[in-house]
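So the structure is just underneath, and the comments pick up after that.
The values are calculated or read from the model by the stated rules, or taken from the named source; none is laboratory data. Only a predicted model underlies this, so the values are computations on that prediction, with no experimental measurement involved. Ideal geometry is used to build each Cβ from the backbone, glycine not excepted, and the neighbour counts take in all protein chains shown. Note: areas computed on protein heavy atoms with side chains; ligands, DNA, RNA excluded. Shrake-Rupley method; radii C 1.70, N 1.55, O 1.52, S 1.80 Å.
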Amino acid sequence: RTSLDDWESLIYILCWLGTFGINDQDEKSVDTNKYLPIKAWAEGNAESSASSKRDQMTSAAFVRNIGSKFLDIEGYTVLAMLVLQLRDKLFDNPKISPIARGTKDQKTAQLELVFYNRSVEQETKGFLDEHLDKSILDPFARRAEFEKEISDDLWAVMADAQQQALERIRQQRLQ
């Protein structure tokens with residue numbers, strides 16, 4: 001377990017709050033009968049929940065299934081943008097190679113290399129994980145080797161969000 005697992009948990013918590021509300025008043029605006037893909041995270045066993053999270057954390061699926069379902073209340077768009085930035089830095093960090101990005105498992109990563117006729121060397125050249133053991137294809141394991149670098153990027157996102165929040169508060173006080 002690394003701090004990246006904690007960041008991932010934070011993303012899931014923020015997604016849940018963005019969808020179902022942070023306070024009682026916002027929760028009242030949630031249409032509980034509406035289909036929400038995020039509900040699959042709490043249904044079934046741990047394996048099906050993890051599979052749903054993995055599928056929905058891909059960039060296109062995230063925006064369509066999770067980010068676009070955040071409450072349509074002031075402030076939740078800002079939260080959705082924060083979560084999207086955190087998701088991108090954690091799962092699709094441009095400092096690490098394409099095979100270390102995303103939410104796929106090791107077997108899928110291996111199949112993609114074969115299908116696209118690519119090698120680990122071709123995929124990692126010029127990225128932080130270029131010198132990692134070539135047998136490590138699990139994206140989560142590859143990213144864990146660069147926990148500090150990725151965490152630094154995530155903290156930078158949070159620091160930027162803090163500055164933006166403080167600026168919004170200052171602007172509201174001036175009005």
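Worth pointing out:
- For residue 139, the conditions (1) without any contact (Cβ under 8 Å) to a residue 12 or more places away in the chain; (2) touching a Gly at 6+ places or on another chain (Cβ under 9 Å) all hold with the exception of (1).
- Residues in segment 60-82 that are open to solvent by 60 Å² or more (accessible area, probe 1.4 Å) and among the hydroxyl-bearing types (Ser, Thr, Tyr) were compared, and the one that is modelled with the highest pLDDT is 77.
- Answer residue from segment 83-103, given it is without any contact (Cβ under 8 Å) to a residue 60 or more places away in the chain and buried (at least 20 other Cβ atoms within 10 Å of the Cβ) and is nearest to residue 2 (Cα to Cα) among those: 91
- Restricting attention to segment 50-82, the residues that are farther than 17 Å from residue 9 by Cβ and in contact (Cβ under 8 Å) with a residue 60 or more places away in the chain add up to 2.
- Taken together, 106, 110, 175 contain a single residue that is modelled with pLDDT under 90, within 26 Å of residue 37 (Cα to Cα) and among the polar types (S, T, N, Q), which is 106.
- Any chance residue 77 is of a type in the set (S, T, N, Q) and closer than 30 Å to residue 172 by Cα: yes
- Close pairs from segment 152-165: first closer than 17 Å to residue 93 by Cα and touching a residue at least 40 places away in the same chain (Cβ under 8 Å), partner outside any helix (DSSP H, G or I) and not small (Gly, Ala, Ser), Cβ under 7 Å, at least 6 apart: 153/93
- Figure legend. Inter-residue proximity from segment 21-49: first residues aromatic (Phe, Trp, Tyr), second residues not in a loop (DSSP other than H, G, I, E, B), beta-carbon distance below 6 Å, spacing 6+ or different chains. Indicated pairs: 41/49; 41/52; 41/53.
- When residue 91 is tested against (1) touching a helix residue (DSSP H, G or I) at 6+ places or on another chain (Cβ under 7 Å); (2) among the aromatic types (Phe, Trp, Tyr); (3) farther than 22 Å from residue 26 by Cβ, only condition (1) is not met.
- Single condition residue 113 does not satisfy, out of (1) open to solvent by 40 Å² or more (accessible area, probe 1.4 Å); (2) farther than 19 Å from residue 1 by Cβ: (1)
- Matching helices (runs of 4 or more DSSP H) fully within segment 1-59 where at least 1 residues are under 11 Å from the mean Cα position of the chain (by Cα) and among the hydroxyl-bearing types (Ser, Thr, Tyr): 3-20
- Checking 40, 80 one by one, the residue that is out of contact with any Gly (no Cβ under 8 Å at 6 or more places or on another chain) and not hydroxyl-bearing (Ser, Thr, Tyr) is 40 and no other.
Every residue, every condition in (1) at pLDDT below 85; (2) under 14 Å from the mean Cα position of the chain (by Cα); (3) surrounded by 16 or more Cβ atoms within 10 Å (Cβ to Cβ); (4) of a type in the set (A, V, I, L, M), yes or no:
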residue	(1), (2), (3), (4)
130	no, no, no, no
153	no, yes, yes, no
159	no, no, no, yes
171	no, no, no, no
